[in-house]
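Peer 1: One structure, pasted below without further comment.
The values are calculated or read from the model by the stated rules, or taken from the named source; none is laboratory data. These numbers come from a predicted model, not from an experiment. Don't worry about glycine lacking a Cβ; one is built from the backbone with ideal geometry, like all the others, and counts go over all protein chains shown.
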Amino acid sequence: MKTLFCSYEVYPFAKVGGLADVAGSLPKYIKEMGADIDVIMPFHKKIDINVTENTGMKICTGRIDRKIEFDIYKSHLENSDVTVYFLKNDELFDSEDVYEGGDIFLKTLSISEIMAIFCEENEYDLLHLNDWHVGMASVYNYYFYGRIPTLFSIHNMAYQGVFPADKFSVTGLPREAFPKIVKDDQINFMKGALMFSNAINTVSESYAKEIKTPEFGAGLEDILIKRNDDLYGILNGIDYKINDPDTDKRIPKNFSVDDLSGKYECKKALQKRCDLKIEDVPLFGLISRLFYQKGLDLLQEIVEEFMNENVQFVILGNGDKKIEDFFLKMQNKFKGKFSSNIMFDINLAQEIYAGCDFFVMPSRYEPCGLGQMFAMRYGTVPVVRYTGGLIDSVKEYDETDKTGTGFGFYDYNSEKLLEVLNKAKKIFYREDFDIMRKNCMEEDFSWNNSAKKYIDLYNRYIR
């Protein structure tokens, strides 16, 4: 079995969100279990050419309405022998920003066709597509390039790749494809992937159920209901080799489940870096794109009341200008208690996972979520809204039998969020808190279990 794993972003070469973490780790675990797998992605401008090599191969589009040629470069995933192929076209991928600049329609359409061609020419047995950016590869594969069995992984239903219908002529697809890739008078790349892929999965079992409802299906729930027999949920994981508090060089002090002393040093270092008062009070962290999908409207409603308590809060992320400005205002109002870091900084993120006491994720919806897994790996207790993958990964702490890993709430309500934040604050001062930390660190969110499920799914659909 030989699989081509397609993604628009892959860690460590180009990372914006959780998709890159998945694409940079899952294939390594699949390979270690004996399955043959390669990764393919665009050669974004921000990628260091010195970590790649030119294969000398070139591939040109054959169906879209213009010829676009790509040079093929290659490298390997970090600490593995998984080959990563890069599709390089400097004119098309001309921006340092992975998702901005240039014509995103033409970028994603052309790499989708190239990935389908590459898959056929190199005799792969399965095409694994991740999210809408590469979803049209399933359509090109079906009509022109061998009808190789295809798995489409949904990482977020809210982002579907929607473009004006009058661009259909650019695709070079037969007219019969038009109603299969168009919704509400717009070309919809995700719809195309759902219609033409042999199998569909999403990144948690709970989200696989949720997206068959109008609340979470984002207008495509009817297709998902019809495809129910080929729809699966497999919880994401994280790379336990890279994210190991006992060896991680990105954090100020290492620690383990048997010796948490280093975690206290990480907390002090984080407080110092973020201009927080160095004291042993509950420290809450949030790492997120700053959009309302992440439940930040709930946090905005109650955070001033909460910050009047003896607590600290550190935020890392960027996004909606109104949300950014609000958190900067909180930093000014609660100096030494509230730190707003309006940026994306991988190293600071790691320090937050390691140094905080609690990690907050009040998401409106969350297909899987990786932040809670990183947090638990580093002994930081999650405080979440139970939705999607947060239902599948965070277990409510039971003070009677001392089991569970976090606190959560179901109703999308700011008072419920405040209730669980106060619950976390209170338990910080009790012996139960150390038990919770150890429970978190003893959870296994490595890719081992999930990689096996992916291999089983691959085998189910390979001819």
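Peer 1: May I ask you to say which residue of Asp71, Asp21 is of a type in the set (Asp, Glu), surrounded by 23 or more Cβ atoms within 10 Å (Cβ to Cβ) and not in a loop (DSSP other than H, G, I, E, B)?
Peer 2: When all the criteria are applied, what remains is Asp21.
Peer 1: Say we look at segment 428-462 and pick out the residues that are basic (Lys, Arg) and within 25 Å of Glu32 (Cβ to Cβ); which of these is farthest from the chain's Cα centre (by Cα)?
Peer 2: Ranking the candidates gives Arg460 first.
Peer 1: Filter segment 2-18 down to residues that are outside any strand (DSSP E or B), touching a strand residue (DSSP E or B) at 6+ places or on another chain (Cβ under 6 Å) and surrounded by fewer than 20 Cβ atoms within 10 Å (Cβ to Cβ), then give me how many there are.
Peer 2: 0
Peer 1: Filter segment 404-426 for residues that are touching a strand residue (DSSP E or B) at 6+ places or on another chain (Cβ under 9 Å) and among the hydroxyl-bearing types (Ser, Thr, Tyr); which is surrounded by the fewest Cβ atoms within 10 Å (Cβ to Cβ)?
Peer 2: Tyr410
Peer 1: Considering only segment 135-243, give the strands (runs of 3 or more DSSP E) lying wholly within it that have at least 2 residues that are touching a residue at least 12 places away in the same chain (Cβ under 8 Å), in the same structural domain as Ile352 (by TED's automatic domain parsing) and surrounded by fewer than 22 Cβ atoms within 10 Å (Cβ to Cβ).
Peer 2: Per the criteria, no element qualifies.
Peer 1: Something else now. Among the residues of segment 38-67, write down those that are out of contact with any strand residue (DSSP E or B) (no Cβ under 7 Å at 6 or more places or on another chain) and within 28 Å of Asp125 (Cβ to Cβ).
Peer 2: Gly56, Thr61, Gly62, Arg63, Ile64
Peer 1: Here are some residues: Glu96, Glu78, Glu120. Which one is in a helix (DSSP H, G or I), charged (D, E, K, R) and in the same structural domain as Tyr454 (by TED's automatic domain parsing)?
Peer 2: Only one candidate passes the filter, namely Glu120.
Peer 1: If you don't mind, there's one more thing I want to ask. When you look at Thr108, is it in contact (Cβ under 8 Å) with a residue 24 or more places away in the chain, surrounded by fewer than 18 Cβ atoms within 10 Å (Cβ to Cβ) and either under 30 Å from Asp456 (Cα atoms) or under 20 Å from the mean Cα position of the chain (by Cα) (or both), yes or no?
Peer 2: Spelling it out, it is not the case that Thr108 is in contact (Cβ under 8 Å) with a residue 24 or more places away in the chain, surrounded by fewer than 18 Cβ atoms within 10 Å (Cβ to Cβ) and either under 30 Å from Asp456 (Cα atoms) or under 20 Å from the mean Cα position of the chain (by Cα) (or both).
Peer 1: Next up: Within segment 282-305, restricting attention to residues that are over 25 Å from the mean Cα position of the chain (by Cα) and surrounded by 17 or more Cβ atoms within 10 Å (Cβ to Cβ), which residue is farthest from Ala354 (Cα to Cα)?
Peer 2: Ranking the qualifying residues of segment 282-305, first place goes to Ile302.
Peer 1: Can you list the helices (runs of 4 or more DSSP H) lying wholly within segment 406-463 that have 2 or more residues being more than 28 Å from Val281 (Cα to Cα) and modelled with pLDDT of 95 or more?
Peer 2: 448-461
Peer 1: For segment 309-317, indicate whether the set of residues that are on the phi > 0 side of the Ramachandran plot and within 18 Å of the chain's Cα centre (by Cα) is non-empty.
Peer 2: For segment 309-317, residues on the phi > 0 side of the Ramachandran plot and within 18 Å of the chain's Cα centre (by Cα): present.
Okay, residues lined up against (1) outside the structural domain of Gly18 (by TED's automatic domain parsing); (2) touching a residue at least 60 places away in the same chain (Cβ under 8 Å); (3) in a loop (DSSP other than H, G, I, E, B):
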residue: Cys266; (1), (2), (3): yes, yes, no
residue: Lys272; (1), (2), (3): yes, no, no
residue: Lys277; (1), (2), (3): yes, yes, yes
residue: Phe284; (1), (2), (3): yes, yes, no
residue: Leu299; (1), (2), (3): yes, yes, no
residue: Ile302; (1), (2), (3): yes, yes, no
residue: Glu305; (1), (2), (3): yes, yes, no
residue: Phe313; (1), (2), (3): yes, no, no
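Peer 1: Any chance you could count how many residues in segment 384-411 are in contact (Cβ under 8 Å) with a residue 24 or more places away in the chain and either closer than 19 Å to Gly18 by Cβ or hydroxyl-bearing (Ser, Thr, Tyr) (or both)?
Peer 2: 15
Peer 1: What are the pairs, 6+ residues apart or on separate chains, where a residue within segment 32-50 that is in contact (Cβ under 8 Å) with a residue 40 or more places away in the chain and among the acidic types (Asp, Glu) has its Cβ under 6 Å from a residue that is in a strand (DSSP E or B) and surrounded by 14 or more Cβ atoms within 10 Å (Cβ to Cβ)?
Peer 2: So the pair list comes out as Asp38/Leu4; Asp38/Thr83.
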